Amino acid sequence: MNISDLINILIVTGTEVLIGKPAPDVYLKVAENLSVSPQNCLVFEDIIKGIMAGHNAGMKVVAVDDDYSKATTEEKKKMADYYIYDYLELLND
(Lines give C-alpha, C1' and ligand atoms only; values in the text may rest on other atoms or scores of the structure.)
Protein backbone atom coordinates (compact mmCIF):
# COMPACT_ATOMS: atom_id res chain seq x y z
CA MET A 1 0.00 0.00 0.00
CA ASN A 2 1.22 3.47 -0.88
CA ILE A 3 0.62 6.51 1.34
CA SER A 4 -1.24 8.14 -1.56
CA ASP A 5 -3.85 5.37 -1.25
CA LEU A 6 -4.66 6.66 2.23
CA ILE A 7 -4.93 10.37 1.55
CA ASN A 8 -7.57 12.46 -0.19
CA ILE A 9 -6.25 15.82 -1.34
CA LEU A 10 -8.36 18.73 -2.45
CA ILE A 11 -7.13 22.26 -2.96
CA VAL A 12 -9.39 25.18 -2.10
CA THR A 13 -8.09 28.74 -2.10
CA GLY A 14 -9.15 31.79 -0.13
CA THR A 15 -10.82 33.18 -3.25
CA GLU A 16 -13.47 30.46 -2.97
CA VAL A 17 -14.75 31.50 0.47
CA LEU A 18 -16.09 34.73 1.92
CA ILE A 19 -13.91 34.97 5.02
CA GLY A 20 -10.19 34.14 5.10
CA LYS A 21 -8.04 32.62 7.80
CA PRO A 22 -8.20 32.46 10.80
CA ALA A 23 -11.90 31.87 10.02
CA PRO A 24 -12.52 28.17 9.34
CA ASP A 25 -14.33 28.71 6.03
CA VAL A 26 -11.62 27.42 3.68
CA TYR A 27 -11.17 24.18 5.64
CA LEU A 28 -14.88 23.62 6.08
CA LYS A 29 -15.25 24.03 2.31
CA VAL A 30 -12.64 21.31 1.72
CA ALA A 31 -14.39 18.95 4.15
CA GLU A 32 -17.70 19.63 2.45
CA ASN A 33 -16.25 19.00 -1.02
CA LEU A 34 -14.74 15.72 0.17
CA SER A 35 -17.95 14.73 2.01
CA VAL A 36 -15.90 14.22 5.16
CA SER A 37 -16.67 15.50 8.63
CA PRO A 38 -14.19 18.11 9.89
CA GLN A 39 -13.26 15.87 12.82
CA ASN A 40 -11.85 13.37 10.30
CA CYS A 41 -9.61 15.91 8.55
CA LEU A 42 -5.96 16.70 9.12
CA VAL A 43 -4.69 20.17 8.19
CA PHE A 44 -1.08 20.93 7.25
CA GLU A 45 -0.22 24.58 7.87
CA ASP A 46 2.85 26.78 8.03
CA ILE A 47 1.36 30.00 9.44
CA ILE A 48 -0.34 30.93 12.71
CA LYS A 49 -3.59 32.09 11.10
CA GLY A 50 -3.80 28.80 9.22
CA ILE A 51 -3.29 26.78 12.39
CA MET A 52 -6.04 28.81 14.03
CA ALA A 53 -8.33 28.26 11.02
CA GLY A 54 -7.82 24.50 11.17
CA HIS A 55 -8.65 24.38 14.87
CA ASN A 56 -11.60 26.72 14.36
CA ALA A 57 -12.90 24.19 11.82
CA GLY A 58 -12.68 21.43 14.42
CA MET A 59 -9.76 19.70 12.71
CA LYS A 60 -6.42 18.41 13.93
CA VAL A 61 -3.50 20.50 12.70
CA VAL A 62 0.06 19.64 11.73
CA ALA A 63 2.31 22.70 11.77
CA VAL A 64 4.99 22.60 9.11
CA ASP A 65 8.42 24.16 9.50
CA ASP A 66 9.37 26.74 6.90
CA ASP A 67 11.88 29.55 6.51
CA TYR A 68 9.21 32.24 6.06
CA SER A 69 7.72 31.74 9.53
CA LYS A 70 10.86 30.78 11.50
CA ALA A 71 10.19 33.59 13.96
CA THR A 72 6.95 31.90 15.05
CA THR A 73 8.25 28.32 15.33
CA GLU A 74 7.73 27.98 19.09
CA GLU A 75 4.24 29.48 18.91
CA LYS A 76 3.34 27.13 16.05
CA LYS A 77 4.58 24.15 18.08
CA LYS A 78 2.41 25.15 21.04
CA MET A 79 -0.70 25.77 18.94
CA ALA A 80 -0.60 22.73 16.66
CA ASP A 81 -1.43 19.14 17.50
CA TYR A 82 1.73 17.99 15.73
CA TYR A 83 4.84 19.61 14.28
CA ILE A 84 7.03 18.43 11.41
CA TYR A 85 10.22 19.76 9.88
CA ASP A 86 9.81 17.83 6.65
CA TYR A 87 6.96 15.94 5.01
CA LEU A 88 9.23 12.89 4.76
CA GLU A 89 8.77 12.51 8.53
CA LEU A 90 5.29 11.23 7.77
CA LEU A 91 6.80 8.14 6.21
CA ASN A 92 8.83 7.23 9.30
CA ASP A 93 5.90 6.29 11.52
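The values are calculated or read from the model by the stated rules, or taken from the named source; none is laboratory data. Since the model is a prediction, treat every value here as computed from it, not as a measurement. Here Cβ is always computed from backbone atoms with ideal geometry, including for glycine, and neighbour counts include all displayed protein chains. Each accessible area value is taken on the protein alone, full model and side chains, heavy atoms only, with ligands, DNA and RNA left out. Shrake-Rupley method; radii C 1.70, N 1.55, O 1.52, S 1.80 Å.
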Summed side-chain charge close to Asn33 - residues other than Asn33 whose Cβ falls under 15 Å, Lys, Arg +1, Asp, Glu -1
-2
Roughly how many Å² is the accessible area per residue of the chain, as a whole number, for a 1.4 Å probe?
68 Å²
For Ile11 and Asp66 in the same chain, what is the full-extension length gain: residue separation times 0.36 nm, less their Cα-Cα distance, in nm?
17.8 nm
Options Ile84, Val17, Ala31, ranked by Cα towards positive dipole end of the chain, top entry (Cβ charges)
Val17
Counting each DSSP H run of 4 or more residues in the chain as -39500 (n - 2.57), what helix-only mean residue ellipticity at 222 nm follows after dividing by all residues, to the nearest 500 deg cm²/dmol?
-8000 deg cm²/dmol
Tell me which lysines have Cα within less than 16 Å of Lys60's Cα, excluding those fewer than 8 residues away on the same chain?
Lys21, Lys29, Lys49, Lys76, Lys77, Lys78
Counting pairs of alpha carbon atoms under 8 Å apart in space and at least six apart in sequence, what relative contact order in percent does segment 2-93 give?
21 percent
About the Cα centre, charge dipole magnitude for the chain (Lys/Arg +1, Asp/Glu -1 at Cβ), debye:
340 debye
How would Thr73, Thr15 rank on accessible area, largest to smallest, probe 1.4 Å?
Thr15, Thr73
Given the chain, longest segment not containing exposed loop chymotrypsin sites (Phe, Trp or Tyr not before Pro) (DSSP; at most 15 other Cβ within 10 Å):
1-67
Just check the chain against the gyration tensor rule for me: Cα atoms, a ≥ b ≥ c as the square roots of the eigenvalues, rounded for a/c under 1.5, and otherwise prolate or oblate depending on whether a/b exceeds b/c.
oblate
